Structures are given as structure tokens and as C-alpha cells.
Amino acid sequence: MKPLVPLFVILAVIGLAYGGGQLADTRYLLGIVLPYAAIATFLLGFSYRVIRWAHSALPFHIPTTCGQQKTLPWIRSSWIENPHNKRGVLTRMALEILLFRSLFRNSRAQIEEGPRLLYTENKWLWLGALAFHWSLLVILLRHLRLFVEPVPRFVIGMDTIDGFLQIGAPQLLITDVVVVAALLYLLKRRFTDRRLRYISLYTDYFALFLLLGIVITGILMRYFFKVDLEGVKQLALGLVTFSPTLPAAVGPLFFVHLTLVSLLFAYFPYSKLMHMGGIFLSPTRNLANDSRRQRHVNPWNYPVKVHTYQEWEEEFHDKIKNSGLPLEKE
Amino acid sequence: MREKLWIYGGLLLFLVGVTFPVWRDAITHATTQPPALEMPANQKQCVAPTDYMLTSHMKLLMDWRTSAVRDNNWKYTSFNGKVYQKRFSGTCLQCHSKAKFCDRCHTYVGARTPYCWNCHVDPALVKGATP
């Protein structure tokens, strides 16, 4: 039962944080020490991994292509699917990062009666992933209202658009609904698809449960078990201005949320979540398919001493001539 | 070498973005000092305990609105037995000032201006009007 262990780990963290949120010493640990340690781990770990990737060897251009390569001027090339210059690469990368274009091509193989193998298109993963990632970004940016004083105009604007349904008070935010739905779908597909369940690992479930835990505690705090926002803002502001304070009025549920977020940040650089940085450094995506148009020299090629035919002919010129063999120069 | 420039440039941009709250607060000299709220001079106790009002006043206001408008129930018996009129301008805003109480905290935590003010008027702006 692969999903059970990560589930219990997350539940244990929630339990510990809930207990810890009620004692003065552990509140200090969870509210101040842990967030600083987590964000430091995140920043250093993230930078370390990106720098490590930057130093890896790149001997060839290895883009994956799925369109006509640029060849003769009268053959139309697909400049996004098979980019031959920087403009194409940038467009392709932007569409991949912002719209998850490769997931849009996702297909599903089924064996139908006959038996016959059938490939059908399957856009649900693309939709779920897009909904989840964009909601997460909006939610993250919305949280700036707690970290920044005065609150930037774009954060308030984002909140207004997000809550434009005007349901209840505090107003229902669309991203809150979308992110839960998307996460539950992403979890559900790992449970229900046999092949997917087979290849799903501990880390796949751990990340999903962790994110669900964060989202659910956040929603509980906003709509159901209210916390003192003024205290939360004081704590958040104190952390980013390096003058940490621990307001007394903030309840244990907030500490569960904060602990899970800290766990996410600390776990980030060590996990598959690093695809956030990795997508920019994917050689199969960020290189132009111009191997035939430009010479790419392998960076670790050492200078090879060569003896060309021309030089050889020069050296044995007289002997070749005397034996009556043809010479290229004459 | 050009790739390194892209990668390190991107990483730097990311780090600057992530630390946005840190340098933005440094620029604006933000402190953890919460806003000073002007407390009512004429009353000692709100319609519910302070802890409750601090976190859940929006729920109370919505409940008042629903029960008054839908069920024609305008009386609210508070936790200490005192009976209040369920009126936003007539009860709440008689003690609290929009500008010096509501708005200060709402602006501080970035809880955007609710749509209370689409219908209700701040009585301070209309002198002599009956609530």
C-alpha cells in the first residue's frame, strides 16, 4: 500500500504541529525557527540544484521534435514544434511552461475488443495540471497580503477577481475550489488507473497529500475555524522583516498550516517538485534543432592530432609519382 | 558560456522574486506594529466577545442581514442578555468609525473592502441623518 505511508507521515506531522501549536516553546519552534530553516533550505537547495544542472555537460543538441524540420525554403517548417532558432525555442518554452503544451498531447492506450490497440486523446491530465498549477500560483501571490505592508495593488486586484462570485463572507475564492478539485483529480487518477498506480511512488503520493494538507488547513482557517488575521500578519511580517514576533491570539490550526508549508519548502529541492526549475533546463525542450545548420563542438573534445590525406600525399609525393599512381594535386 | 548567462540570470531573477516581501518591506520600512484602531468612547462591550468579533464579525453581519431581510427578525440578544437592533448603520456604525476602525484593519491585512458599502452609508458622512 504505497499511498498509506505518506498519508500517515502527513497526518503525524499535522498531529505534532497541532499539539506543538499549543505550547509556548514549541510555538516558537514551529512559528519562527522552522520557517526560517525551511526557507533557507529552499533557497540554498534550489540554487544548488540549478547550479549543478548548469554545470552538466551538453555535448549535443538533443531536442525532441514533432514537426517538420527547417530544410529547404519551399518546405514549410513547423517552427514551434521543431524550432530552428532562438525565437522558436523561446516560444516553445513559454507555451510549455505557461500552458503545459506537452501534456495537451497526452494520449491513452487502451485494448479494445478484437483485440485491437486504440490510442485516444486524453486531455484530463492537462486540464487538472493546468488548473492546479495556476491556482497554486494565484494562491501563493494572494498570500503576499500577509507578508507585505502596505499591500500591493495587484494583490488586492487578484483577490477581487478571485472572489468575484461574492458568495458568503469571507468571500469564496474560486482558486480555493479549483485547487482542491484539481488535487483530488490528480490523486484519483493515481488510484484508479492500474498502470498509473503501478508506477506511482511514495514521493508522488507524499507531494499530493502534503499539498492537500496545506490547502485544506488554509480553507478551514479562512471559512470555518477563523484565526486572528492581524496576528497572522504580524507573524508573517515579523519573519520577513527579521524581527520575529509570536502573537498570542493565533490558534493551533495556523501552526499546522505553517508547519506543512515549511515542510513543503524544505522538501522542495530534494524532490520531484524541482521540476519547477528543471523545466527551464530540459535539454530536450530548450535547444534548437539546428544540428545540421550549425556546427556544435563537443566541449570536452581534446585537440586530436590528425594527418590529412593532403598532408600524406605531400609527404609521399615522389614515391607515389614514381610508382605511377594518380595524384590528386595533378 | 551563453547558456550559463541565461541560467544564472534566471536563477537570480527567481531569487529576487522569491525574496520580494523582504526587500519590499525594507524599502517601505514596514514594521510589525498593527494599526491603531479607534475604540468606541461610549461603549465598553460589543455585541459579542472581542475574540469572536475579531475573527468572525463577517459571519455575524451576514447572519444579521439574512435573518433581518429574509425572516424580518430585527432583534439580537447578545451573549450577556442585552438586546440590540440588527442594524449595520444604526447599531455597529454608531460606535465604530468606518475610516478609523473598519478600514484600518481591512487595509492592514489586505482583506478587501467588502460590499457592505454598496448599500450602507457611513453615518459620519451624513451628519444629522437618522440611522
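Laid out as a table, the results:
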{"item": "Filtered trypsin sites (Lys or Arg not before Pro), region A:67-110: DSSP coil and at most 15 other beta carbons within 10 Å", "result": "A:76, A:105"}
{"item": "Additional length obtainable on full extension of the chain from residue A:307 to residue A:243, 0.36 nm per residue less Cα span", "result": "16.0 nm"}
{"item": "GNM flexibility winner over chain A from A:288, A:207, A:57 (Cα, springs under 10 Å)", "result": "A:57"}
{"item": "Expected 222 nm ellipticity per residue - DSSP helices of 4 or more, -39500 (n - 2.57), all of chain A, to 500", "result": "-17000 deg cm²/dmol"}
{"item": "Estimated inter-spin distance, residue B:103 and residue A:203, nm [label 7 Å along Cα→Cβ]", "result": "5.2"}
{"item": "Coil-residue chymotrypsin sites (Phe, Trp or Tyr not before Pro) of region B:1-96, DSSP, other Cβ within 10 Å capped at 16", "result": "B:74, B:79"}
{"item": "Region A:157-249: chymotrypsin sites (Phe, Trp or Tyr not before Pro) in DSSP loop, at most 15 other beta carbons within 10 Å", "result": "A:164, A:225, A:242"}
{"item": "Rounded if a/c under 1.5, otherwise prolate or oblate - the protein assembly as shown, Cα gyration tensor axes", "result": "prolate"}
{"item": "Counted charge near residue A:253, where neighbours are those whose Cβ lies closer than 14 Å (Asp, Glu -1; Lys, Arg +1)", "result": "+2"}
{"item": "Three-way shape label, region B:34-131, alpha-carbon gyration tensor, a/c 1.5", "result": "rounded"}
{"item": "Using a Förster distance of 30 Å, the FRET efficiency for residue A:298-residue B:15 (Cβ separation, nearest 0.05)", "result": "0.40"}
{"item": "Pair residue A:140, residue B:6: separation of 7 Å Cα→Cβ label points (nm)", "result": "2.1"}
{"item": "5 angstrom amide H check on residue B:84, placed H, neighbours 5+ away", "result": "B:76, B:77, B:78"}
{"item": "Estimated FRET transfer efficiency (residue A:9, residue B:37; beta-carbon r; R0 56 Å; 0.05)", "result": "0.85"}
{"item": "Computed FRET value (nearest 0.05) for residue A:58 with residue B:115, which takes r as the C-beta separation and R₀ as 56 Å", "result": "0.50"}
{"item": "Max mean-square fluctuation residue, GNM over chain A, Cα-Cα springs under 10 Å, options A:232, A:178, A:151", "result": "A:151"}
{"item": "Cβ-based net charge around residue A:315, under 13 Å, with every Lys or Arg adding one and every Asp or Glu removing one", "result": "-1"}
{"item": "Net charge dipole size for chain A [Lys, Arg +1 and Asp, Glu -1 on Cβ; Debye, nearest 20]", "result": "560"}
{"item": "Lys pairs under 22 Å by Cα in chain A, provided they are eight or more residues apart or on distinct chains", "result": "7"}
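Bear in mind that the values in this text are calculations on the coordinates, not laboratory data. Source: prediction; values computed, not measured. Because the Cβ atoms are built from the backbone with ideal geometry, glycine has one as well, and the counts that use them run over all protein chains shown.
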